[in-house]
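None of the figures in this text is laboratory data; all of them are computed from the coordinates on show. Small disclaimer: the values here were computed from a predicted structure and weren't measured. Cβ coordinates were reconstructed from backbone atoms using ideal geometry, including for glycine residues, and neighbour counts include every protein chain displayed.
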Amino acid sequence: MAEGTLTFKEALEVAINEEIKAYNLYTGLRKKVKNSATQAMLTELAHQELGHRKLLEEVVRAERYDQLGENVPAESQGIADFLVVDDIGDTATPQEVMIFAIKAEVKAYNFYHDFTKYFKGTALEALFQSLAAEEQRHKTRLEDEYETHFMRDN
């Protein structure tokens with residue numbers, strides 16, 4: 001992207017399209033796996049991505065660019081740094097799906113973080129900082145769930 005090639009609205013539309021891709025990823029995976037608990041988890045993740053999309057669409061509609069990224073936890077536990085799952089097959093376990101989802105949220109964070117750098121010094125910088133923070137919050141929530149369900153003390 002050349003600097004200044006996206007308008008504010010176009011940048012938000014790119015973000016909305018990324019949320020649509022995430023929703024489609026989770027709904028596609030839900031159809032692919034057979035485990036009912038994994039399907040339920042993917043349904044919830046898809047629902048959350050749909051919520052992100054609706055929030056972004058409302059921001060565009062109402063021109064309320066200051067309502068994103070509130071109540072973001074201070075720090076992730078860094079669990080994502082140690083997890084590895086590159087793809088999900090039809091026999092994926094809930095743990096593998098959770099790892100994949102965490103990694104997808106890391107990618108979403110990186111996407112918005114890169115946009116923050118691209119729009120540094122413009123009105124878009126703060127918006128993309130807020131979106132990156134929202135994805136960080138989502139990743140942190142997933143990591144907390146992962147720790148609760150898969151890293152219990154025996």
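Descriptive notes on the structure:
- Across Lys31/Lys117; Lys32/Lys107; Lys31/Lys107; Lys9/Lys103; Lys54/Lys103; Lys9/Lys32, pairs whose alpha-carbon gap is larger than 31 Å: Lys31/Lys117; Lys9/Lys32
- Inter-site label distance for Ala62 and Glu10 at 7 Å from Cα along Cβ, in nm: 2.7
- R0 of 22 Å, Cβ-Cβ distance Ser36-Thr148: FRET efficiency to nearest 0.05: 0.70
- Ranking of Leu131, Leu142 by count of other Cβ atoms within 10 Å, fewest first: Leu142, Leu131
- Net charge in the neighbourhood of Leu50 (other residues with Cβ under 11 Å of its Cβ; Lys, Arg +1, Asp, Glu -1) is -2.
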